[in-house]
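A short worksheet on the structure shown next.
The values are calculated or read from the model by the stated rules, or taken from the named source; none is laboratory data. Quick caveat, the model's predicted, so the values are computed rather than measured. Methodologically, a virtual Cβ is constructed for each residue, glycine included, from the backbone with ideal geometry; neighbour enumeration extends over all protein chains shown. With ligands, DNA and RNA removed, areas are computed over all heavy atoms of the protein, side chains included. Shrake-Rupley method; radii C 1.70, N 1.55, O 1.52, S 1.80 Å.
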Amino acid sequence: MAQQQTAKYVYDFEEGNKDLKDLLGGKGANLAEMTNLGLPVPPGFTITTEACRAYLADGTEPDGLADEVGEHLRALEAKMGKRLGDSEDPLLVSVRSGAKFSMPGMMETVLNVGLTDASVHGLANQAGGNERFAWDSYRRLIQMFGKTVCEVPGEAFESALEAAKRAKNTHNDLDLDGNDLRALVDEYKKIFSQHTGRDFPQDPREQLDLAVHAVFDSWNADRAVLYRRQERIPADLGTAVNVVAMVFGNLGADSGTGVAFTRDPATGEQGVYGDYLANAQGEDVVAGIRNTVPLQELERIDKASFEQLIQIMATLEGHYQDLCDIEFTIERGKLWMLQTRVGKRTAAAAFVIATQLVDEGVIDLDEALNRVNGAQLAQLMFPTFATDGDHKPVARGVAASPGAAVGKAVFDSHYAAELGEQGEKVILVRRETNPDDLPGMIAAQGVLTSRGGKTSHAAVVARGMGKTCVCGAEALEVDLEGRKFTVNGQTISEGDVISIDGTSGKIYLGEVPVQDSPVVRYFEGETGPESDPLVSAVHRIITHADSVRRLGVWTNADTGEDAARARRFGAQGIGLCRTEHMFLGDRRELVERLILAETEADRQAALDALLPLQRADFLEIFRAMKGQPVVVRLIDPPLHEFLPGLEDLAAKVAVAEALHKDPGKDGVMLVAVRRMHEQNPMLGLRGVRLGLVIPGLFAMQIRAIAEAAAQCRQEGCDPRPEIMVPLVGAVQELETVRAEAEKVLRDVFDKAGVEVPVMIGTMIELPRAALNAGQIAQAAEFFSFGTNDLTQMTWGFSRDDVEAAFFSRYLELGIFGVSPFESIDRDGVGRLVQIAVKEGRAARPDLQLGVCGEHGGDPDSVHFFHEAGLDYVSCSPFRVPVARLEAGRAAVASGGSDSR
Ligand code: PEP
Ligand code: MG
């Protein structure tokens, strides 16, 4: 009869390699790799993540695991010439967790497994009669085992240790001698039995098995679960367990332990960096009990080990072709490698190291591109607080637009603009912002709101301007009338200085020092690439990204100034010019006239007055973007946003009436505001609907675009306007606007005697539009995905409200790992995009496809849009370099091919 093949759950280090991280975890795979490189790794074996998953699923060890562990343990004993827990010469092992992705400190470790009342004497003898060392090791085992395996509260052991030190009149563990520690072990054993109802296990194999189970279980410890959610590590991977022969760094002055990096992980500078602690175990380094010395000191303490270590680090870097971090122990002059991995590094170091490795001939530029990412580049582009070590945040909001901003708290936009003009640095503080706050936002160093999420007005506009913004800081009670806010019992009045960190969402009282980004100065053309090593690295990598990417990178901009900056940052066009931003300020009055118009003539007069203003707006942008496409979106938001608030106005009129005064213009306005009021403005009269309801509105905008283009052409520049219709759900809507647009364009160009090709297309931002893309493409020369609205409409999430309202709970529950407004929801919104791409292109093969929602500048989403076969992404000017980099990375990841 054929024997049923059971899974292999245990691998000796000689059997694994670095590519088996899924099965052996990062630590196990790398220990195996080092073993096979012939480096001095203490022998051991790894129990697989598969065993962990089986254990967690059934609540018990899978069949065959115990026997396999037994076999590998015997092999380990044979290698070491010792038996686990032997009373004469015990083998001791460490039992360490190690998942596929590093989860530092989140799971459990038990050291010195195998020590018992009998073997502790053997250990002392083998350590040359070092009783202190043996009893100290034993008390560490009982403490760790008690805590992690049997859930004995750690404080119980700690207070016993404190009491022992008190009795000796010392604060230092090292002052406890062998006898003290032996007495402490007795005390620890009592604590153990009190809490567990059993004696401390004296069977070494039982210790080992229970420790392995505890490591498996620690995969689901609260802190591990939380960490995985934050880091977006899948919950079902499980951890491997490494059982490794113990080596001791605490056997005297010729022993010690340390950590090291093959390059500086902070700056990328070449050279060896690390810390060493003599006469200590690894946990002492982490606990920071004693001060470490720089690794270079080891040369003086133990030259042979130091030289061997340097040699090994060079081997590891050459082998992994990257910065490695390592942990090592020296036991009586013999060096042991306990861990290595490709080391974490700062954003700046990532760029510098990647180009260094190119120069060293270790990797090519494609691989360099692969080793950095857009999130790192974004981090390098924002000013930062030079230090916040001395400053404690008073509250935290949504980190909406990165950067560090300091200024006086100001509660209204006019005043902010006024102070800004006088050269004062201000932070605009509002409950939420609206288009009226624009002047204040422009003048401010940063924006702080107590309501709204990452797609709130404040967040979107601030990101567009590259301005720091923290929003939805609900702990702040903003009193606009009183011009102050209170937070945790403290009151901040207008003029008090505050500091906000848009990268972390932290809010500080007072001034925290800020430093500018050299990378932005480079993109702005203020410094050359050779100005410093970081800038030079960024320059080389982004230049390479440009040479390999297929996706175009355009920008969202609605002023000439933004357009010009975006061009400096590398934008190849404007993918979204939001024209409603041009209806603010002085023009508000004209919009009011348009809305309140009672006759055809009144309305036309208002439109005629707006026309030259709009024409000038477009001319400025066409000039700035000469030769590059400019997608002008016809007005989108509901017109009532341009009118005063209903409640304020009703109150004013009521007061006037109560005083028997004529409410005058307010009365007329109130009627209009009531007429236009909507319960759900996001689902109401906006976008194309507005254009079809207010006669002449779109025609005026189209005329302004055409006239500006004609003038630009006559000036000899090369305008490339595209007209985009928002919020289309049915092809008939688009056909109606198109027919009107074509007429106006014909009229203008005939009159001007020029011909400017103008594409007419639509946003795809309603699920219905995506599902009817084939039909809509009949009337559209291009699609631009408005993923902000498409996300809102697909999930049914109000984009202004939900992030602050309940997203934190959703994130906590793992319903999504990141807000779908930030990173494209591939399974829902993404599928709509794919459908629209497929059906749109089938109907019109040369259909131009882009995206202009906030996702256009999100690294993960850029990869999705590359895979979906779009032609370009469009994002705010400050995200342009990030999108260029990620588009390059996406091309490299897909083999540089056009995946359409
Ligand atoms: C969108 O909805 O994604 C979009 C770009 O339009 P807006 O954000 O202006 O609604
Ligand atoms: Mg939209």
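Among 699-708, 169-178, 88-97, how do they line up by average Cβ neighbours within 10 Å per residue, starting with the highest?
Final packing ranking: 699-708, 88-97, 169-178.
How much of the accessible area of region 631-750, probe 1.4 Å, is carbon plus sulfur, in whole percent?
Looking at region 631-750 in its full context, I get 55 percent from C and S.
Taking amide H atoms as placed 1.01 Å from N in the peptide plane, list the residues 5 or more away in sequence, or in a different chain, whose amide H sits under 5 Å from that of Thr503.
Gly403
What does a probe at Phe101 reach in region 364-385, counting residues whose amide N is under 20 Å from the point 7 Å along Cα→Cβ?
Answer for region 364-385: 370-379.
Under the 0.36 nm per residue contour assumption, what length would be gained going from the current alpha-carbon distance of Ala375 and His121 to full extension?
In short, 86.0 nm is gained.
Once the piece of chain linking Leu811 and Lys79 is laid out straight, how much longer is it, given 0.36 nm per residue of separation minus the C-alpha distance between them?
Result for the pair: 258.7 nm of gain on full extension.
Label 7 Å along Cα→Cβ of Ala616; region 412-427 residues with amide nitrogen under 14 Å?
Under cut-off, by backbone N: nothing.
Taking 7 Å along the Cα-to-C-beta vector as the label spot, tell me the Val668-Ala253 distance in nanometres, rounded to one decimal.
That separation, rounded to one decimal, is 9.7 nm.
So, counting K/R as plus one and D/E as minus one, what does the shell of residues with Cβ under 9 Å around Phe782 add up to?
Counting the neighbours of Phe782, the net charge comes to -3.
Highest mean first, what order results for 665-677, 610-622 on Cβ atoms within 10 Å?
Those peptides, ordered most packed to least, come out 610-622, 665-677.
Using 0.36 nm per residue, how much length does the chain from Thr60 to Thr267 gain when fully extended, once their Cα-Cα distance is taken away?
Extra length available between Thr60 and Thr267 comes to 69.8 nm.
Counting only protein heavy atoms, what percent of the accessible surface of region 67-130 is carbon or sulfur at a 1.4 Å probe?
45
Using DSSP, restrict attention to beta bridges with both residues in the chain and report what percent are antiparallel, rounded to the nearest 5.
Of those bridges, close to 60 percent are antiparallel.
I need the peptides 885-891, 487-493 ranked by packing, meaning the mean over residues of other C-beta atoms within 10 angstrom, with the highest value on top.
Put in order of decreasing packing, that is 885-891, 487-493.
Report in % the part of the accessible area of region 545-586 that belongs to carbon and sulfur, leaving out ligands and nucleic acids; probe 1.4 Å.
Taking all protein chains in place, region 545-586 shows 41 percent carbon and sulfur surface.
Would you mind calculating the relative contact order of region 1-84 from Cα pairs under 8 angstrom and at least 6 residues apart, reporting the percent as a whole number?
Value for region 1-84: 29 percent.
From the helices alone, meaning DSSP H stretches of at least four residues, give me the mean residue ellipticity at 222 nm for the chain, per-run term -39500 (n - 2.57), in deg cm²/dmol to the nearest 500.
Here the helix-only value at 222 nm equals -14000 deg cm²/dmol.
What percent does the relative contact order of the chain come to when contacts are Cα pairs within less than 8 Å and at least six residues apart?
Computed value for the chain: 9 percent relative contact order.
Quick one: Karplus J couplings for region 782-796, per residue in order, coefficients 6.51, -1.76, 1.60, θ = phi - 60°, nearest Hz, x for Gly and Pro?
3J(HN,Hα) across region 782-796, in whole Hz: 8, 10, 10, 6, x, 6, 5, 5, 4, 5, 4, 6, 6, 7, x.
At a Förster distance of 22 Å, what's the computed FRET efficiency of Arg588 paired with Glu657, Cβ-Cβ distance as r, to 0.05?
So the FRET efficiency works out to roughly 0.30.
Over region 465-558, calculate the relative contact order: mean separation of alpha carbon pairs under 8 Å at least 6 apart, over the residue count, as a percent.
Over region 465-558, the number comes to 15 percent.
Output wanted: per-residue J couplings in Hz (rounded whole) for region 110-124, from phi through Karplus 6.51 cos²θ - 1.76 cosθ + 1.60, θ = phi - 60°, x for Gly and Pro.
10, 9, 6, 5, x, 7, 9, 4, 7, 6, 4, 6, x, 5, 4
So what's the gap between the Cα centers of region 367-436 and region 9-32, to the nearest angstrom?
For region 367-436 versus region 9-32, the Cα centre distance is 45 Å.
Apply 1/(1 + (r/R0)^6) to the Cβ-Cβ distance of Ala475 and Ala221, taking R0 = 25 Å, and write down the FRET efficiency to the nearest 0.05.
Between Ala475 and Ala221 the formula returns 0.30.
Could you pull out the chymotrypsin sites (Phe, Trp or Tyr not before Pro) across region 256-358 that fall in loop regions by DSSP (anything but H, G, I, E, B) with no more than 11 other Cβ atoms inside 10 Å?
none
If amide H atoms are built 1.01 Å from N in the plane of the peptide, which residues on other chains or at least 5 residues away come under 5 Å of the amide H of Asp479?
Those qualifying (amide H under 5 Å, at least 5 residues apart or on another chain) are Lys484, Phe485, Thr486.
What is the calculated FRET efficiency for Ala7 to Glu206, with r their C-beta to C-beta distance and R₀ = 22 Å, to the nearest 0.05?
0.40
At 1.4 Å probe size, put His414, His660, His866 in order of accessible surface, largest to smallest.
In descending accessible area the options line up as His660, His414, His866.
Counting only heavy atoms of the protein chains, get the accessible area per residue of the chain (1.4 Å probe) and round it to a whole Å² value.
Ligands and nucleic acids excluded, the figure is 41 Å² per residue.
Ordered by residue, what ³J(HN,Hα) values in Hz, to whole numbers, does region 617-625 give under the Karplus form 6.51 cos²θ - 1.76 cosθ + 1.60, where θ = phi - 60° and Gly and Pro are x?
4, 5, 4, 4, 6, 4, 5, 5, 9
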